[in-house]
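Quick note: the coordinates plus some simple rules give every number you see, no bench work behind them. Small disclaimer: the values here were computed from a predicted structure and weren't measured. Positions of Cβ are generated from backbone atoms using ideal geometry, with glycine treated the same way; all protein chains shown enter the neighbour counts.
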Amino acid sequence: MLRSMTAFARQEIQGNWGALALELRSVNHRYLEIALRLPEEFRAREPAIREQVGKQLGRGKVDVSLRYTPPSGGAELQLNQALAKQLAQFSREVDALIYNASPVSSMEILGWPGVLEAARPDPDQLQERFTALLEEALKELVATREREGDRLESLILQRCDAIEEVLKEVRTRLPELQQRLRERLEQRLAEARAELDEGRLEQELVYFANKLDVDEELDRLDAHIDEVRRVLKEKKPVGRRLDFLMQELNREANTLASKSSDTMVTRASVDLKVYIEQMREQVQNIE
């Protein structure tokens, strides 16, 4: 299925461990480029995140932006026992050094920074939540890219139809155009026989023969359009292949224009290049 490289996805989840908000944005790019904006708690997962994204996407510049909100002020408190024991030990040691030391209450120790702190969520649980969230966001992103890909495929097929109509018109008019060229050639030959040497005469014959023969360009244009239709049905990323075909189509259209000796063929060549350029613009956004 054809996929666009432009898409957006957002997923959120929350629990007693806090809240996660994840955004994925992708735009067209020659290769797969992943930019990560992560809270400190998730920095160690960068390689795993890149691998997870790379399994779902083939091309595009992808921005992964994660926001983590810890539990609010009503979260459960926990005692840092190691710090509390250390403070109590220090208090006893100081009491032994001074005269008439006043006792230190437990509330004073509890008020020391770091003794009481909000309970932190289980890191493994938090990472599991994020992995599942990223998977859902990637599914949404891929679905969006596929829907946009369907639209791009429809636009490209419309241009293929238009190009085939132009080629059909040229082929219909070709016998008439070739007959007119032959008449012009015969007239030129009649005028030139007395004036031109054999070398110049041969050049004139080659020039007109080239103008008469555009069947090869028309056949190649037809073949390239058939290949575009075939590639669109493939189940793998085809953007680069389509981009190459656009170059080949444009080359044949330019060759046809260079051989044109009639306003109709010139107009047809311009129409072809317009349709090809419209396809090329769409192809730039295909994975």
- prompt: How long is the range 1-92 along each principal axis, judged by its Cα atoms, biggest number first, in Å?
  reply: 72, 25, 16
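Just to confirm a number: summing +1 for Lys and Arg and -1 for Asp and Glu over residues other than Asn250 whose beta-carbon lies under 9 angstrom from that of Asn250, what do you get?
On the way: positive: Arg251, Lys273, Arg280; negative: Glu248, Glu252, Glu277.
Around Asn250, the surrounding residues sum to 0.
Go through Lys168/Lys235; Lys236/Lys259; Lys139/Lys273; Lys168/Lys233 and tell me which ones have a Cα-Cα distance over 32 Å in this structure. Before the final figure, lay out the partial values.
Values: Lys168/Lys235 30 Å; Lys236/Lys259 38 Å; Lys139/Lys273 37 Å; Lys168/Lys233 24 Å.
Beyond 32 Å between Cα atoms: Lys236/Lys259; Lys139/Lys273.
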